[in-house]
1. Residue by residue through segment 145-179, note down the ones that are of a type in the set (A, V, I, L, M), touching a helix residue (DSSP H, G or I) at 6+ places or on another chain (Cβ under 6 Å), modelled with pLDDT under 95 and part of a helix (DSSP H, G or I).
2. Answer yes if at least one residue in segment 122-144 is assigned to a helix (DSSP H, G or I), open to solvent by 40 Å² or more (accessible area, probe 1.4 Å) and in contact with a His (Cβ under 6 Å, 6 or more places away or on another chain), and no otherwise.
3. Within the bounds of segment 78-94, is there any residue that is modelled with pLDDT under 90, under 19 Å from Met163 (Cα atoms), in a loop (DSSP other than H, G, I, E, B) and of a type in the set (Asp, Glu)?
4. On the given criteria, is Ile135 at pLDDT below 95 and either more than 19 Å from Tyr73 (Cβ to Cβ) or of a type in the set (Val, Ile, Thr) (or both)?
5. Looking at the structure I just gave you, is Pro150 touching a residue at least 12 places away in the same chain (Cβ under 8 Å) and within 16 Å of the chain's Cα centre (by Cα)?
6. When Met180 is evaluated against the numbered criteria (1) open to solvent by less than 50 Å² (accessible area, probe 1.4 Å); (2) more than 18 Å from Met108 (Cβ to Cβ), which criterion, by number, is the only one it fails?
7. Return yes when Val102 is in contact with a helix residue (DSSP H, G or I) (Cβ under 7 Å, 6 or more places away or on another chain), among the β-branched types (Val, Ile, Thr) and open to solvent by 50 Å² or more (accessible area, probe 1.4 Å) and no when it is not.
8. Is there any pair with a first residue in segment 157-168 that is farther than 9 Å from Cys110 by Cβ and a second that is assigned to a loop (DSSP other than H, G, I, E, B) and of a type in the set (Lys, Arg) whose Cβ atoms are under 9 Å apart and which are 6 or more apart or on different chains, and what are they?
Amino acid sequence: MICMIAIINFRIITQEICVIIFNLNNMNKLYALVFGLLLFISCGKDKTNAGEDFSKSSSTETSSETSSDPASYDPKRGEGKFTTVDLGTGLDVAMAAEGEKVAGVKCMSCHKLTDERLVGPGWKGVTERRTPQWIMNFATNPDPMIDKDPELQAQLELCLLRMPNQSITDDDARHVLEYMRQNDGVK
């Protein structure tokens, strides 16, 4: 008789434990759902708050040219300090090798060397579509150019992500340009 009562009590306790575990799993699912919803809402903030974009250049780096209207934008040169870029007579292999190193750290997580889009557009043929000064200005000064260049704005609609300002130096930008030229078959 005592054995029978012990078995019945064991069954009741086991059922109660199963109910508690089932409820905990449902509570965990509920917590995960609420957390995911909050995360989704927080990532969808309105972008009108100027303090939210940390990729913008500091005010000491912006020129009066940056704050000018889009009508003054030169689509062949872009927006920035580079008006001409001396490419030399052929490819500078050492400079291209340095550009490959810089691109590996700052560019290749979003761009491919082919025409295939990753996060950003592929680089194949970019030196044929864009002038050297445009590429240099965009690499060193992407934010104002994205704001003003109609082709970049159309590209932004495809890629859905602004190119962040990678704080590329003028020398690094020149090296990356040479690496792009190498990729496009310049000898």
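1. Of everything in segment 145-179, those that are of a type in the set (A, V, I, L, M), touching a helix residue (DSSP H, G or I) at 6+ places or on another chain (Cβ under 6 Å), modelled with pLDDT under 95 and part of a helix (DSSP H, G or I) turn out to be Met145, Ile146, Leu152.
2. no
3. Restricting attention to segment 78-94, the residues satisfying the condition of being modelled with pLDDT under 90 are 88-89.
Right, trim to under 19 Å from Met163 (Cα atoms) and you get none.
No, that holds for no residue.
4. Values: at pLDDT below 95: no; either more than 19 Å from Tyr73 (Cβ to Cβ) or of a type in the set (Val, Ile, Thr) (or both): yes.
Spelling it out, it is not the case that Ile135 is at pLDDT below 95 and either more than 19 Å from Tyr73 (Cβ to Cβ) or of a type in the set (Val, Ile, Thr) (or both).
5. Values: touching a residue at least 12 places away in the same chain (Cβ under 8 Å): yes; within 16 Å of the chain's Cα centre (by Cα): no.
Against the criterion (touching a residue at least 12 places away in the same chain (Cβ under 8 Å) and within 16 Å of the chain's Cα centre (by Cα)), Pro150 does not qualify.
6. It is condition (2) that Met180 fails.
7. Numbers: in contact with a helix residue (DSSP H, G or I) (Cβ under 7 Å, 6 or more places away or on another chain): yes; among the β-branched types (Val, Ile, Thr): yes; open to solvent by 50 Å² or more (accessible area, probe 1.4 Å): no.
Judged against the criteria, Val102 is not a match.
8. As it stands, the answer is Asn165/Lys56, since those pairs meet every condition given.
The values are calculated or read from the model by the stated rules, or taken from the named source; none is laboratory data. Treat the numbers as computed from the prediction; the structure is a model and nothing was measured. So basically every Cβ, Gly included, is an ideal-geometry build from the backbone, and we count neighbours across all protein chains shown. To get the accessible areas, we keep the full protein, side chains included, count just its heavy atoms, and leave off ligands, DNA and RNA. Shrake-Rupley method; radii C 1.70, N 1.55, O 1.52, S 1.80 Å.
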